[in-house]
Amino acid sequence: MDTASGTGLQNASITVLNSKDSILVRFTRADAKGGFSLNNLREGNFILLLTYPDFADYVETFSLSSDKPLKDFGKLKMILKARLLAEVIVKGTAAQMTIKGDTTEFNAAAFNIEANSKVEDLLKQLPGIQVDKDGKITAHGQAVNKVLVDGEEFFGDDPTLVTKNIRGDMVDKVQLYDKKSDQAAFTGIDDGERTKTINIKLKEDKKQGYFGKVDAGAGNDNFYQGQGMFNYFKGKKKFSAYGTISNTAKTGLGWADNNKYGTSNIQVMDGGIMISGGGGSDLDSYDGRFNGEGIPLTRSGGLHYDNKWKDDKYSINMNYKAGSINVTGDKNTLNQNNLPTGIINTNTDQTIDNFMFRQKVDGTFLVKLDTTSDLKIMVDGTLKNSESNSNYFTSSLRGIGVSLNGSKRSLSNNGDQKIFNASALWTKKLKKKGRTLSLTLGQQFDEDDASGFLNSENSFYNTLGILDSIRLIDQYKTNLVRSSGFNSNLAYTEPLSKSFSVILNYGLNLG
């Protein structure tokens, strides 16, 4: 209640936090008389946080136990900030968190931000948000797939390029919410599509000028790694570039779309070749899934540009990323099998030389045609090339030292992939509130071209160690797959009441 008037504060925010780590436990709003109740709270120690515009925050700790399962706070008095300032100079900690509708907003000033720390270090302090060693972010148990900067995508769908490379002291607010689809945001009708999203709002004085970072290190045996990033911000214009190089199994800055843009590959299966369409490359992840065999040399780089102009009538967002990985290695295995019929000793030598290079570009252009209609054009493309060469030598000896069998095998393969996608979304709000019209057009193209050579010589010996037979395999396989498609959808929304609307869709798909 208001201490000055004695009236209840309707819609005041009531938040219950875990006292140990400030994780959100329960949230509600006050009723018309300023009252509230929170049921089914577990036993434990909690913090009650009350917030209301123009009033000082009210904080109180409390505990629930089997002996005291209920807590009656009575009348909680909140004081106008103006009265506080008129009577005394108040020094305190800024509110850590506020809830605005379906958005949770964290105040960066309320957390400890050390010099040269990154956005990632700030996120680790926020209640309910976790960041693992690879930079993967989860919020309230759900994966965060998008990290925006001032509401705009930054290097596409790679959150780590924001969290690992923008300084923490540049951040004003961190907003966490479930982003709706473009169609749902336009029509106001929820289609159930959600993307857990974090928006990094920068301080106004940090949106001007140049900044960047360079990290480099070297060790014994000629191992090294380094990365650098350059940024130029001027108002709504942002330009960034980065580059990395490493031979320590660091495989990039964290591309998150490995499965989406996987290339064809070739594997040896039971003495033959199998060509499959799945990915499996570790090029796209900064820490990667490198299995530790061989020495990897990785390089990656990228460019980003986004801008808005003419009172935000036009906006553009573009990204280019490229990366390569080259893994070479030697492997020797000694194996002994003790069988009832005798001992078999096997010696195996293997060499590998694998290479992959990928480029990806994407762009979004948005124009506000007038106050009621927008046109959004999106394009993206990927080029990927992979080469693999391996040689395999093995020999098996009986326990008495005579030859049992031997094998020589060499495998080389090459895979190329091309992907292109383009789409356009036109939206129009009609005169009646809630009545909308939209048209979506899309074009896709995908080409996989893979080929491979297998040459092997398998030798078999009799019990005396004399060559008995030789089996030769000289095999070539190739696979070329092309696919394309066109899709369109026309949608009309008609509101029937404040709570109900009808959506009519007509779609045409080809390919």
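No value in this document is a laboratory result; all are computed from the given coordinates. Given the structure is predicted, the values throughout are model-derived calculations rather than measurements. So basically every Cβ, Gly included, is an ideal-geometry build from the backbone, and we count neighbours across all protein chains shown.
Here are some notes:
- Sparse-neighbourhood loop sites, GluC sites (Glu not before Pro) in the range 149-217 - DSSP loop, at most 16 other Cβ within 10 angstrom: GLU193
- Residues ARG435 and ASP221, FRET efficiency given R0 of 56 Å [Cβ-Cβ distance, rounded to 0.05]: 0.20
- Selection from THR197, GLY135, THR103 lying farthest towards where the dipole of the range 97-206 points positive, charges on Cβ: GLY135
- Translational diffusion of the chain, µm² s⁻¹ [Kirkwood Rh, Cα pairs; Stokes-Einstein; 4 °C; 1.567 mPa s]: 46
- Given +1 at the Cβ of Lys and Arg, -1 at the Cβ of Asp and Glu and no other charges, the dipole of the range 307-384 around its Cα centre is 260 debye to the nearest 20.
- J(HN,Hα) series, the range 186-196, from Karplus relation 6.51 cos²θ - 1.76 cosθ + 1.60, nearest Hz, glycine and proline x: 6, 7, x, 9, 6, 9, x, 7, 9, 10, 5
- If R0 is 56 Å, the Cβ-Cβ spacing of LYS124 and SER395 corresponds to a FRET efficiency of close to 0.60.
- In order along the range 35-43, the phi-based Karplus estimate (6.51 cos²θ - 1.76 cosθ + 1.60, θ = phi - 60°) of 3J(HN,Hα) comes to x, 7, 8, 10, 9, 6, 7, 6, 6 Hz; Gly and Pro are listed as x.
- Dipole magnitude (debye, nearest 20) for the range 97-206, charges at Cβ of Lys, Arg, Asp, Glu: 300
- Label zone at ASP172, where the point sits 7 Å out along the Cα-to-Cβ direction: the range 114-150 residues whose backbone N lies under 11 Å: 150
- Converting phi to 3J(HN,Hα) with the Karplus coefficients 6.51, -1.76 and 1.60 and the offset θ = phi - 60°, the range 47-55 yields 10, 9, 10, 10, 9, 7, x, 6, 10 Hz in sequence order, with x at every glycine or proline.
- Straight Cα distances below 14 angstrom link LYS428 to the aspartates and glutamates ASP182, ASP370, ASP374, GLU494, with same-chain residues fewer than 8 positions distant left out.
- The relative contact order of the chain, computed from alpha carbon pairs under 8 Å that lie at least 6 residues apart in sequence, is 7 percent.
- Sequence-separation-based contact order of the range 328-411, relative, with Cα cut under 8 Å and 6+ spacing, percent: 29
- Proximal lysines relative to LYS68, as straight alpha-carbon distance under 20 Å, when same-chain residues fewer than 8 apart are discounted: LYS20
- Annotation for the range 444-511: trypsin sites (Lys or Arg not before Pro) lying in DSSP loop with at most 11 further Cβ atoms inside 10 Å of their Cβ are LYS498.
- Estimated at 0.36 nm per residue, the fully extended path between ILE503 and VAL214 surpasses their Cα-Cα distance by 98.8 nm.
- Distance distribution P(r), the range 208-510, all Cα-Cα pairs, bin width 20 angstrom from 0: 23, 41, 25, 10, 1 percent.
- Long pairs among LYS179/LYS360; LYS237/LYS308; LYS146/LYS196; LYS201/LYS234; LYS237/LYS310, criterion Cα-Cα beyond 18 Å: LYS179/LYS360
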